[in-house]
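One structure, as structure tokens, below. Some questions next.
The values are calculated or read from the model by the stated rules, or taken from the named source; none is laboratory data. Predicted model only: the values in this text are computed from it and were never measured. With ideal geometry, Cβ positions are generated from the backbone for all residues, glycine too; neighbour counts draw on all protein chains shown.
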């Protein structure tokens, strides 16, 4: 009888979890602006995935053709060419791979490190909480972009170091968010029930607390990808990000700023892509926030 009751309880929990995510998807679908943002991100991801099919990397993105330098938009080159005669559209879609990869991986690093530290600080409290959060306060006292610049300058310019620098610079934000969520969850009845049946701290944190604290982290993570893409563009603009001739939106802006008067398209189109991508991620993040908030009924 006890086994049957346990199975029934597990089925009820799975059904509730499934219905919760169905409700979140329904709310998201009703938010038109969030769906617009999601559509833009999907299109951008598809362009990045099939970039080699659309434009061969070596032939179109890297190879220079000085006879075609600074040509305006045309049927042959939809967004024109840059100062070395390379197709701007091809470089933008290949650059999307870099920007999206850095954004997603950097946010993943931030969530893993910051989330773990925030959960440990909130769960154990006392001296552990005080030690971890004071260290987070020290990191917060340094502007995130300056911290990223310092890390990249110390480790050197490379894709991995760029992702690591942007990820570490955002750790305090996720630590504080997860800590606040865990503090509101750790004293609830289901946590006490888990302790009563002998679950250890690791099981309680990973299986019961963190899954129930994910909603604000998901929202912040979506917005964090936008911030990471901006930071990547900023670091590349000042020469600390992805190095030429590899395509990256920030380095494309930096390379074209000397030709603003004679070739407006060289910087305009990469700048517009950055703006549209950040806007789409912000719209998606706002939609997720509204959909995951149980207090908002749509």
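Results for (1) at pLDDT 90 or above; (2) in contact with a helix residue (DSSP H, G or I) (Cβ under 9 Å, 6 or more places away or on another chain), shown as yes or no for each residue.
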| site | (1), (2) |
| --- | --- |
| 86 | yes, yes |
| 91 | yes, yes |
| 113 | yes, yes |
| 117 | yes, yes |
| 126 | no, no |
| 135 | yes, yes |
| 139 | no, yes |
| 159 | no, yes |
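Every residue, every condition in (1) modelled with pLDDT of 90 or more; (2) surrounded by fewer than 22 Cβ atoms within 10 Å (Cβ to Cβ); (3) touching a helix residue (DSSP H, G or I) at 6+ places or on another chain (Cβ under 6 Å); (4) over 20 Å from residue 90 (Cβ atoms), yes or no:
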residue	(1), (2), (3), (4)
190	no, yes, no, yes
251	no, no, yes, no
288	no, no, yes, yes
293	no, yes, no, yes
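Restricting the search to the range 58-75, which residues are crowded, with 16+ Cβ neighbours inside 10 Å and in a loop (DSSP other than H, G, I, E, B)?
Correct list: 69, 70, 71.
For residues in the range 76-94 being part of a helix (DSSP H, G or I) and out of contact with any strand residue (DSSP E or B) (no Cβ under 8 Å at 6 or more places or on another chain), which is surrounded by the fewest Cβ atoms within 10 Å (Cβ to Cβ)?
89
Only one residue in 194, 175, 199, 122 is at pLDDT below 85 and in contact with a helix residue (DSSP H, G or I) (Cβ under 6 Å, 6 or more places away or on another chain), so which one is that? Reasoning before the result, please.
Numbers: 175 fails: at pLDDT below 85; 199 fails: in contact with a helix residue (DSSP H, G or I) (Cβ under 6 Å, 6 or more places away or on another chain); 122 fails: at pLDDT below 85.
Answer to the selection: 194.
Could you run through the range 130-149 and say how many residues are more than 13 Å from residue 114 (Cα to Cα) and crowded, with 16+ Cβ neighbours inside 10 Å?
Number of matching residues: 5.
Find the residue count for the range 33-55, including only residues that are out of contact with any helix residue (DSSP H, G or I) (no Cβ under 6 Å at 6 or more places or on another chain), surrounded by 14 or more Cβ atoms within 10 Å (Cβ to Cβ) and not in a helix (DSSP H, G or I).
0
Results for (1) under 30 Å from residue 200 (Cβ atoms); (2) in a helix (DSSP H, G or I); (3) free of Cβ contacts under 8 Å to residues at least 12 places away in the same chain, shown as yes or no for each residue.
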{"site": "120", "(1), (2), (3)": "yes, yes, no"}
{"site": "127", "(1), (2), (3)": "yes, yes, yes"}
{"site": "130", "(1), (2), (3)": "yes, yes, yes"}
{"site": "161", "(1), (2), (3)": "no, yes, yes"}
{"site": "165", "(1), (2), (3)": "no, yes, no"}
{"site": "173", "(1), (2), (3)": "yes, yes, no"}
